[in-house]
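Here the structure is laid out as C-alpha cells; the discussion comes afterwards.
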Amino acid sequence: MGIVISTCGEKVDFVLPRLCPVPMNPKGDVTILPLDPALRPGMLRRLHRRTVASGSIVLPAVPAMIDDYVEMCARVFMGVGVPFNDDQLSHLRVVLEGQLAAAYAASPRSEIVITYDSPVGLTVNYHVKAQWASLESAYDHWVATRHPPYFGTEPDARVMALVAEVNNSADFPILDVGAGTGRNSLPLARRGHSVDAVELAPKFAGMIRGEVERESLAVRVIQRDVFSSSQDLRRDYRLILLSEVVSDFRNIDQFRAVFMLAAERLAIGGVLVLNTFLASEGYTPDVAARELSQQCYSAIFTREEIAVAAAGLPLVLVSDDSVHEYEKAHLPATAWPPTSWYESWVSGLDVFDVPREASPIELRWLVYRKTGSGAS
C-alpha cells in the first residue's frame, strides 16, 4: 500500500506493510499522534541518559551574590537532565563560596570560571576556578582588545572650566592622577600648564610619552601608583585631577588617601576635582551592590562616607554636579557622548539594568578648595 507524507513542501513516497494500521486524516495523510503522557517521563529520562553535554560559565566574582550563583548552576545542570539534591547543592555552594572569596580578595577585576561536562548517564562533573588580573594588566588588555579612542577625544568639560579663566597658565601647575591616555593632560599642557601625569598602566603611560615627545609638551609622565610614593611631587599644584579613577577604588581608605594627597600637595587656594559614583538620597547600597559595582568600574560611595574621609583636612567642597548633565551641556555637540558606553556607565547602568531615571547611583563631579586653616 503506497502512501504520501508531506514534508517541507516535498512529497516522499514509501511503502508500508499492508497489515500495519496507519492513522489517516480526511486528506489521506498520516496523522502524527502525540506522545502518551504516561510514557513521556520515562522517555525523557532515557533521552537524558543518552545526552552528552559540556560547557563553561564565566562570571564576575561577587561573593555576596552566592545564592544567585548556586541557582544558576542548578538550572544549567537541570537543563541537561541532572537535578541536584540538597547535599549536592550544599557542596556546590561551598565550592563556589571559596573560589568567589579568593577571586574577589585578589582584585576587583576577577571572575570565576565554572566548567562542566555530563557524559552519558545522569551525572555531571564540574570544576570552579578563580582567576583575576591587576588593574594595570586589565587596562593593558583593554588597549589590546578595543579600538581608540578608548575614553573619547575631548578633555573633560568640568576640568577645562576650572582652568578657563587662568591668566598665567605657566604659574598654574597641575597633577593628573590616573592620566590614562592623556585625554586631559595633553590639552592642559597645550594651554601652557606644567603637568605631572601619573599613570599606573604601562601602555597608557607609553601613549602619553609618545605624544609629549612628538609635541615637546611640558608633561612629566610618572608611571606608578601615586599613593605608594609621592616624594617627587610638587607642593604647589593649583589643580589636582582624578577623572574616572575613584570608580576603581575598593574602600574609603583610598578616598582618604586622595584627600591627604590634596591637603599636602595643593597650594592654598588650589582645587581638587574628581568624579565618583554617589548613592542617591535615601539609597544605602548593600554588600552585593558594592561588590558588583567594583567589578563594573563603578565603585559606590555615599556622601556620608566621603565627608568622613575628608574630615579634619583643609578642604572645602565647593561644587557637586552630575557628570552626565554637566558634560552633555558643555562638551561640543559632536563630542557627545564621548564613547558608546559613556552615557549608561556614568548613569550607573553598568551596575543596575534599569531605566536611567530609576538608577540609585550616578557619577558626579566633586570640587574641593584647599583653605589656609588646618581643618575644613
### Summary
Within region 289-334, the residues that are assigned to a helix (DSSP H, G or I), of a type in the set (Gly, Ala, Ser) and either closer than 26 Å to PHE352 by Cβ or without any contact (Cβ under 8 Å) to a residue 12 or more places away in the chain (or both) are ALA289, SER293, ALA307, ALA309, ALA329, ALA333
#### Entry: Matching residues, region 105-134, being of a type in the set (S, T, N, Q), closer than 20 Å to VAL94 by Cβ and surrounded by fewer than 18 Cβ atoms within 10 Å (Cβ to Cβ)
THR115, THR123, ASN125, GLN131
### Summary
Flagged in region 52-89 as surrounded by fewer than 16 Cβ atoms within 10 Å (Cβ to Cβ) and more than 33 Å from the chain's Cα centre (by Cα), in numbering order, are VAL52, ASN85, ASP86, ASP87
### Query
From ALA307, ALA289, ALA267, which residue is within 18 Å of VAL159 (Cβ to Cβ), outside the structural domain of PRO60 (by TED's automatic domain parsing) and either out of contact with any helix residue (DSSP H, G or I) (no Cβ under 9 Å at 6 or more places or on another chain) or among the small types (Gly, Ala, Ser) (or both)?
ALA267
### Query
For ALA101, which of the numbered conditions (1) farther than 19 Å from ASN125 by Cβ; (2) part of a strand (DSSP E or B); (3) of a type in the set (A, V, I, L, M, F, W, C) fails to hold?
(2)
### Message
Exactly one of these conditions fails for SER347: (1) touching a residue at least 40 places away in the same chain (Cβ under 8 Å); (2) crowded, with 16+ Cβ neighbours inside 10 Å. Give me its number.
### Response
(1)
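The values are calculated or read from the model by the stated rules, or taken from the named source; none is laboratory data. Predicted model, so just to flag it, every value in this text is computed and none were measured. When we count neighbours, we look across all protein chains shown, and the Cβ atoms used for this are built from the backbone with ideal geometry, even at glycine.
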